[in-house]
1. So, in the stretch A:22-41, of the ones that are part of a loop (DSSP other than H, G, I, E, B) and within 14 Å of another protein chain (Cβ to nearest Cβ), which residue ends up surrounded by the most Cβ atoms within 10 Å (Cβ to Cβ)?
2. Could you tell me whether any residue of the stretch A:90-106 is farther than 22 Å from B:E120 by Cβ, outside any helix (DSSP H, G or I) and either at pLDDT 95 or above or not hydroxyl-bearing (S, T, Y) (or both)?
3. If I filter the stretch B:123-131 for residues that are outside any strand (DSSP E or B), under 14 Å from B:V9 (Cα atoms) and charged (D, E, K, R), do I get at least one hit?
4. I need every pair where a residue in the stretch A:1-24 that is closer than 12 Å to A:L51 by Cα has its Cβ under 6 Å from the Cβ of a residue that is part of a helix (DSSP H, G or I) and charged (D, E, K, R), sequence separation at least 6 or different chains.
5. Pick out the one residue from A:I83, A:I75 that is within 14 Å of chain B (Cβ to nearest Cβ) and either over 14 Å from the mean Cα position of the chain (by Cα) or modelled with pLDDT of 95 or more (or both).
6. Of the residues that make up the stretch A:46-64, is at least one more than 9 Å from chain B (Cβ to nearest Cβ) and among the polar types (S, T, N, Q)?
7. Taking the conditions exactly as written (within 10 Å of another protein chain (Cβ to nearest Cβ), at pLDDT below 95 and more than 17 Å from B:L7 (Cα to Cα)), does B:L143 satisfy them or not?
8. Go through (1) assigned to a loop (DSSP other than H, G, I, E, B); (2) surrounded by 14 or more Cβ atoms within 10 Å (Cβ to Cβ) for B:Q38 and report which single condition fails.
Amino acid sequence: MSMDAVFKALADPVRRQLLDRLRRRNGQTLGELCRGQDMSRQAVSKHLLLLEAANLVATQKSGREKRHFLNPVPIQEIADRWIGKYERPRLRALADLKRKLEDDGNR
Amino acid sequence: MANSRFLYVTYIRTTPEKLWQALTTPEFNRAYWFGTWQDSTWQAGASWKLLFSDGRLGDSGEVLEADRPRRLVLKWRNEFRPELHAEGYSRCTFEIEAAGEVVKLTVTHEIDRPQSAFIEAVSGGWPKILSSLKSLLETGMPLDRPGA
């Protein structure tokens, strides 16, 4: 699984939004993922295939339905490549601080 | 959906047999699974335990299916956090498929209840474990040790 495919897949806002939707509710069908999208079913399907090719989405057939699952393993591999074990707690603390400050700013 | 489920996939440059060994051998487990290891004879019906490095019991259950080196299904319950223990048994399936020069490992972890706190808890751990397992099998070095 090439890292190029992962970065290419993540470079598109529509595809990142599809991953966000799966994070909120995992295991959705194509039909469910199309709901509320200003896009054709074919276009959504094409984006999902690209995400699947990058291994960011894993699918499972249950009966006649194909369900889509967020697969964060390639993102973990990218993090493991550049982020050292001992940097993680500090980076997490910074990310938590940023989120808290930005949430406060939005109130 | 009435159940909670995670499905993780990783591709590893190894053989199905080596991957099976990495999943079922305590010395391998300790290297990539946060220092924990599993205790089982890996026969269908055998008991299964996940133990912390200090010997405390983390999780326990039973081997439901063992088809070496293709498929392993575990009945799995948390034993160290009361609120997760209360959710009862989950089911964890490992599927190993040769795909050219790599092996596809699919891990499915599910429980028959919506919005499971147990599935939420294990979901964060699996990507780290699988990434470290991949590194160990491909380079001989796990990720969670200094110098790796």
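The values are calculated or read from the model by the stated rules, or taken from the named source; none is laboratory data. Because the structure is predicted, anything quoted here is derived from the model rather than measured. Glycine also receives a Cβ, built like all others from the backbone with ideal geometry; neighbour counts cover every protein chain displayed.
1. A:G27
2. No, because not a single residue in the stretch A:90-106 is farther than 22 Å from B:E120 by Cβ, outside any helix (DSSP H, G or I) and either at pLDDT 95 or above or not hydroxyl-bearing (S, T, Y) (or both).
3. yes
4. The qualifying pairs are A:A9/A:R15.
5. The unique qualifying residue is A:I83.
6. Checked against the condition, which is being more than 9 Å from chain B (Cβ to nearest Cβ) and among the polar types (S, T, N, Q), the stretch A:46-64 yields at least one hit.
7. So B:L143 fits the description; yes.
8. (1) is the only condition that B:Q38 fails.
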